[in-house]
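What follows draws every value from the coordinates through simple rules; no lab data is involved. Predicted model only: the values in this text are computed from it and were never measured. Here the Cβ positions follow ideal geometry from the backbone for every residue, glycine too, while neighbour counts run over all protein chains shown.
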Amino acid sequence: MTKAAIDDLEPNDPTRSGPPLSGETGAWLSNNEIEQLCLKAARGAGMSWGLAEEAGFAAAWLARRGMDGPMAVLTQLNHAQGRAWNEICPVVASDQLRPADGNILCPIALGAALCDHGTLLGLGGDQKSLRIGPVSHPVLLLPFLSDLARTCGLNLRLRWSDGTVLLGADGSLLGDVDVIGAETAFEAEISAHVGSVSQDQTAPKVRLVASNTLNGLNSYALKTTVPASEASRAGAGADDNE
């Protein structure tokens, strides 16, 4: 099959059977499939249902904007394994969200906290800026900051030592997106941005998810399944006496 033919395939094309097209390079997944897979993987990795849903949302949001959300989620899940919740959950203060005891924050937990507390922190009003971090794999913050910009009705600026990203109240995104995608951890500052943020909004319907990313996410997702037992085996299949 040619690359052009592959590109024309929808992930749930009724003219073909089986799961999304796969091979040595990966599989083409729709945004909804990415969201559901990452949700299940996050749940299998030990996240609460609420945060697992946030992880799925973040992965799909990034994928719609051409970024590798599934890999970002998998990398964060691997990074957080074995770490206690109080090590990765932010402590909320008037002008900062930081980890306890000098640890590194989970971007999904931090993003959820920003959305929960952002309107109370007064960005754009008396509160000029908010300091965050250190936070791991910070590209995963972008979906939450975009939601916060919409909720507050403000354009927001995320600035760190190596770059700046602007997030519009209309959902637009501009700046050093490739740079933040390569960051493994940073400390940053969030503030209101005076001025416009414009960008052509593209929404890819499918994304090629690499095989190693799929395998990693699926290994976490499988942990949500119930192991087989004698009772479940005995109840499987049809009852010949009916």
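Modelled label-to-label distance, residue 131 and residue 151, 7 Å Cα→beta-carbon offset: nm?
2.3 nm
By average Cβ neighbour count within 10 Å, what is the ranking of 218-224, 105-111, 79-85 from highest down?
Sorting 218-224, 105-111, 79-85 by mean packing, highest first, produces 105-111, 218-224, 79-85.
Compute the signed sum of charges (Lys and Arg +1, Asp and Glu -1) over the other residues within less than 13 Å, Cβ to Cβ, of residue 181.
Residues close to residue 181 contribute a combined charge of -4.
Which ordering of 211, 136, 30 is given by a fewest-first count of other beta-carbon atoms within 10 Å?
Placing the least packed residue first, the sequence is 211, 30, 136.
Among 163-169, 96-102, what's the highest-first ranking by average C-beta atoms within 10 angstrom per residue?
Put in order of decreasing packing, that is 163-169, 96-102.
I want the local charge near residue 41. Using Cβ-Cβ distances under 14 Å, sum +1 for each Lys or Arg and -1 for each Asp or Glu among the other residues.
My count for the surroundings of residue 41 gives -1.
Net charge near residue 154, counting Lys/Arg +1 and Asp/Glu -1 over other residues with Cβ under 13 Å of its Cβ?
So the environment of residue 154 carries a net charge of +1.
Between residue 182 and residue 91, what FRET efficiency comes out of the Förster formula 1/(1 + (r/R0)^6) with R0 = 41 Å and r the beta carbon distance, rounded to 0.05?
0.90
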